[in-house]
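Following: one structure in C-alpha cells, then a few remarks.
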Amino acid sequence: MKFSYNWIRELVRDLDVEPRELMRLITIKTAECEGVELTGAHFERVVAARVLSVEPIADSHNVKAVVDAGGLGRRTVVCGAPNCRAGIVTAYVPSGTALEGRVIEKRVVSGVESDGMLASAAELGINRDQEGILELDGVEPGARLPRLAADSIIEVDNKSLTHRPDLWGHHGMAREVAAITGKQLRDPVNTELVPAASPVYGVDIRDLQLCPRYSALVVANVKVGPSPLWFQQRLQAVGLNPINNIVDITNFVMAELAQPMHAFDADKLRGDTIIVRGAEEGERMLALNGEWYELTPSALVIADREGPIALAGVIGGWDSAISDTTTRIVFESANFHAASIRRTSSRLKLRTDASMRFEKAQDPVNTLRGLARAVALLELVAPDARIAGGLSDMAAPPRTTAPIELPMDWLVRKLGRPIAPGEVRRILEALEFGVSEPAQGVFSVRVPSWRATKDISIKDDLVEEIGRMEGYATIPPTPPLVPAVPASDNPRLRFFRSLRRMCAAQGFDEVYNYSFLSEEDVRRFGLAPEDHIRVTNPISVEQGLLRRTLIPGLWKNIQENGKHFASFRLFEVGFEIHKRAGSLPEEAPHLAAAMYSRQGGTETLFEVKRLAECLMPGCELRPAQARQYEHPSRAAEVWWRGEAAGRMFEFHPNYVETGRAVVLDIDLAVVERLAPADVKYKAVRRYPESAFDLSVVAGQRALVGDIGRQIHSLGGPYLEQVEFLRQYEGAPLPEGVKSVSFRITVAAADHTLSNEEVTAVRDGIISGMRASGYDLRV
C-alpha cells in the first residue's frame, strides 16, 4: 500500500516531520513500512515550452524542433513524438535533469544536437500515456507545470494493515500520523454538500447482511475528459491509473477515505431502481476488463431492471461504463460483507483495489462521506457538473457497540509500566476514541465506527493502542513472575518417539505424507470414496479426501524411490482418519513400514517380520485373505497377545512391477493398549544353554508357524526358544513335501543341563511330532 507524503501533509496541519523519519515512526507505532521512494523531483526543473518550428530530419522518423522555454531561452530539441507540431505548448526537460533513472544531457541525435527533451505524461510520471508529448493549456512558456511537485511515497506492508480497514486510505493514515506527532487532523469531507432532496433512483437491498448500506447520487451536465495533471499525478504516484475525470474521482475517494466507489452511466441504466441481490443461476456479466464472468447465487451483484450492472465490491460492468459521450452519471458508494466479497473474488480469481478494501470490513458510515467527498472533487475536475435530486440511501440499522471499561490499575499491570491517566486520555482522544471517566481510575471508552468493524472490541485491544503510541521500547523487559511448571508427561508421545527410534535402529528411514488423498488414490486400493471424509475446500483435486489408511502414501514413496535406489526401507507414523457417527472423526495412529528390493528374495519378508517382533515380542503371523493390492499368497494378519494388531503383506506385482515390496501396517492403539505397563527385570542367566537342530518333513502348504508352535508345545519346562532356520524342497524328498529346519534352545535356571536331560527334551519333541503325523529327518 502506497501513501503520498504530500497528501498526508495536506491532511495533518503543520506536519514538519521529514519523510524518512515519518516512515520510522509509522513502522514503530502503526504498521511496517518497506521504504520511501522520492518521485517527481524533476518537476523542480521542468517548464512549459512553446514549439516554434518543426523540421523533418532526413532518413529519420525524428524531427528538429525549436522551442521557446521562456526564461531558459530558445532551445533546439530532437523529438520523435507524432504530435510534435508548431504552436503547441508542451513540457520541456532541460539538460542536466534526472528523469526515469537517467540524466538528460546534450547529445547528437540523427545528426542534430539536442539540448534537453520534450516529454510525454508517462515519462514525467503523470499518467501512463506514451502516445505523444504532453500538451498543455493555459500555461505560459518558462512557467513551472501547475501544482506538479516532488513527492515521497511511503510504502507500507499490506499484511500490517489486514486488521485496520481505516488505514487503507490516506485519511486513516493521517489520523495515525496526527496522533503520533501531536498535530491536528484535517477532515476533507463536508457532508453538507450532499443535498436533501428527493432521490432520482430508488435502492432495493435484498439482503442487508450482505450489503449493510448502499448510497447513490445522480450528477447531470457531466463532461467526461482528462483530470487536471496534478490530480492524475497524485493517483499515479500511489499506484492508481488515471482514466478520466469521473473514474479518477472514484479512485481518489478510495485512496483518501478507503471507501471504494463506482460510477455508472445513468443513461445506460434500465428502470428507476438500483437492486442489490444475489446473482441468479446461470447469470453472466461482461466486466470492465473485457472478460465475461459466469456468476453463481453466492455472488452479490448490483442490478437494474434487466440484469447485473456490476459485480458488487469487485468490478463494474461494461454495459454501464463511463464513456466519452456520458453526460449523466450515478455515483455508487456502498458497504458489503467482507467474507462475501472475498469468496467471490477468490472464486473468480479477480482481486481489485476495491475488493481488497472491502475484504477488510469497511465502515458503513463511510458511504455517505465518500459521496460528499466526490461532490467536492467535482468542483475541481468537472466544474460544470450539477447534482440531480438527492441522496438514494438504504441501510441496515446502525450497529451499536457498548463502551469498553478500562480500569487504570489493570491497564498499568497489563502494560508493564506506569502511565498517567491524562496521557491515556490524550492518546485515545488523539486516535478519536470517545473517553469519559464514570468512576475514579476507570475510563469508559467509545470505539469509533471505523475501528469497530474488525479491530477494537475488548479492553486488551485498547492496551495495544496505548502501548504502541507510547512506544514498546519504553516498557522495561522483566521476566514473568510466574512459577515455571514442567509440562506433564505425555505417554503417547513418549511411545511414538521410542517407536521412531526403534524403526531407525533397524535401518528404516522415516517419511511424512499428507493426510489427503484423491478419489483416484482411493479407488486404486479398492476403497470407496464415500467412506472417506471429504475436504470442503481442498488445496487441489489431488487432496480432496482424508486418508483412511497410510498405504497409498507409502506406495507412492516406493514408486518414486524405486526409480533411484535398488533397495531401501521406509516407515511412517501417522493417523488414519475415520468417520464417526454423531461425533468428530476418529484419528487412529498407525505404523506403516515398507522394505523394497529390486532383486527380490524372501529375506525381505523376514526383515519386515523382524521389525514387527521388535515392536511386539512374540507376535505371530496368521494367513489372511489377500486384499486387492496384496500378493495372493503373501498376506497375513499380525496377532499379538490374542488380538489382531495389523497386517503384513507383499504388494501385488501389478502395484510394484520391478522388485518386491513388503509392508507392515500396525494399529498402534492396539499395541499401546496391549503393551505391558511395567518392564520387569530378569536376571542374566548364570548357566549355559544347549541347542540342537531338527528338520520336520511336512506338506508343501503346511505353515512354518504352525509347526513351530507344535514344537514349542512339546518342549517342556526347559525349552527356551524355537528358531526357524530354513526350508528345503527337492530330492531326495518326494514331490509335494518340504523339510523345515528349526533350532531348539534349552536351558535351566538353576543348573547346567546334562546330556541326558537335553536328549530327553529332544526325544520328547520327536515322538510328539511323529504322533501328530509329522516325519522328522534326524
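Miscellaneous remarks
- Largest to smallest principal axis extent of the C-alpha atoms in the chain, angstrom: 128, 85, 56
- Whole-Hz couplings from phi, Karplus 6.51/-1.76/1.60, listed for the stretch 695-705; x for Gly and Pro: 10, 9, 8, 9, x, 4, 8, 5, 8, 4, x
- For the chain, adding -39500 (n - 2.57) for each run of n ≥ 4 DSSP H residues and dividing by the number of residues yields -7500 deg cm²/dmol at 222 nm.
- Rounded to the nearest 0.05, the FRET efficiency derived from the C-beta distance between D409 and A339 at R0 = 30 Å is 0.20.
- Per residue Cα convex hull volume in Å³ - calculated over the stretch 163-298: 181 Å³
- Computed FRET value (nearest 0.05) for I28 with L208, which takes r as the C-beta separation and R₀ as 45 Å: 0.65
- Net dipole in debye of the chain [+1 Lys, Arg Cβ; -1 Asp, Glu Cβ; about Cα centre; nearest 20]: 1200 debye
- Mean sequence separation of contacting Cα pairs (under 8 Å, at least six apart), scaled by the length of the stretch 339-460, corresponds to a relative contact order of 26 percent.
- Carbon/sulfur fraction of accessible area - the chain, other protein chains in place, 1.4 Å, %: 50 percent
- Between the residues C33, H631, V139, the greatest Cα displacement towards the positive end of the dipole of the chain, with unit charges on the Cβ of Lys, Arg, Asp and Glu, is found for H631.
- Dipole magnitude of the stretch 129-211, debye to nearest 20 (Cβ charges: Lys/Arg +1, Asp/Glu -1, about Cα centre): 500 debye
- Heavy-atom accessible area, probed at 1.4 angstrom with all protein chains present, ranks D461, D678, D129, D509 as D678, D509, D129, D461, highest first.
- Reachable lysines from K414, criterion Cα separation under 16 angstrom, eight or more residues apart if same chain: K459
- Long pairs among K2/K223; K183/K349; K349/K454, criterion Cα-Cα beyond 32 Å: K183/K349
- Evaluated over the Cα positions of the stretch 333-419, the convex hull gives a direction-averaged projected area, one quarter of its surface, of 10.9 nm².
- Maximal additional length on extending the D59-A396 stretch stands at 114.4 nm, based on 0.36 nm per residue less the C-alpha distance.
- In terms of its alpha-carbon gyration tensor, the stretch 635-778 comes out oblate; a/c meets the 1.5 threshold, while b/c is at least as large as a/b.
- In the chain, the longest principal axis of the Cα atoms and the axis of helix 170-181 are about 90 degrees apart.
- Ranking A439, M394, P383 by how far each Cα lies toward the positive end of the dipole of the stretch 377-454 (charges on Cβ) leaves A439 at the top.
- 15 Å Cα-Cα reach of K682 towards aspartates and glutamates, excluding residues that sit fewer than 8 places from it in its own chain: E720, D750
- Distant-in-sequence amide contacts of R74, defined by a placed amide H-H separation under 5 Å and a gap of 5 or more residues or a different chain, comprise A69.
- In degrees, nearest ten, helix 459-470 long axis to first principal axis of the chain (Cα): 60 degrees
- Three-way shape label, the stretch 521-669, alpha-carbon gyration tensor, a/c 1.5: oblate
- Percentage relative contact order, the chain, counting C-alpha pairs under 8 Å, at least six apart: 8 percent
- Anisotropy class assigned to the stretch 178-225 is oblate, per the alpha carbon gyration tensor with a/c at or over the 1.5 cut-off and a/b no larger than b/c.
- Protection proxy ranking for 591-600, 271-280, 171-180, using the average of other Cβ atoms within 10 Å per residue and placing the highest first: 171-180, 591-600, 271-280.
- Heavy-atom accessible area per residue - the chain, 1.4 Å, Å²: 50 Å²
- Evaluating 6.51 cos²θ - 1.76 cosθ + 1.60 at θ = phi - 60° for every residue in the stretch 301-317, the Karplus couplings come out as 10, 9, 9, 9, 5, 10, x, x, 10, 6, 8, 3, x, 10, 7, x, x Hz, glycine and proline recorded as x.
- Taking the C-alpha atoms only, the angle from helix 421-430 to the longest principal axis of the chain is near 70 degrees.
The values are calculated or read from the model by the stated rules, or taken from the named source; none is laboratory data. Here the structure is a predicted model, which is why all the values come from computation and not from measurement. Reconstructed Cβ throughout: ideal geometry from the backbone, glycine too, with neighbour counts over all protein chains shown. Ligands, DNA and RNA are excluded from the accessible area calculation, which covers all protein heavy atoms including side chains. Shrake-Rupley method; radii C 1.70, N 1.55, O 1.52, S 1.80 Å.
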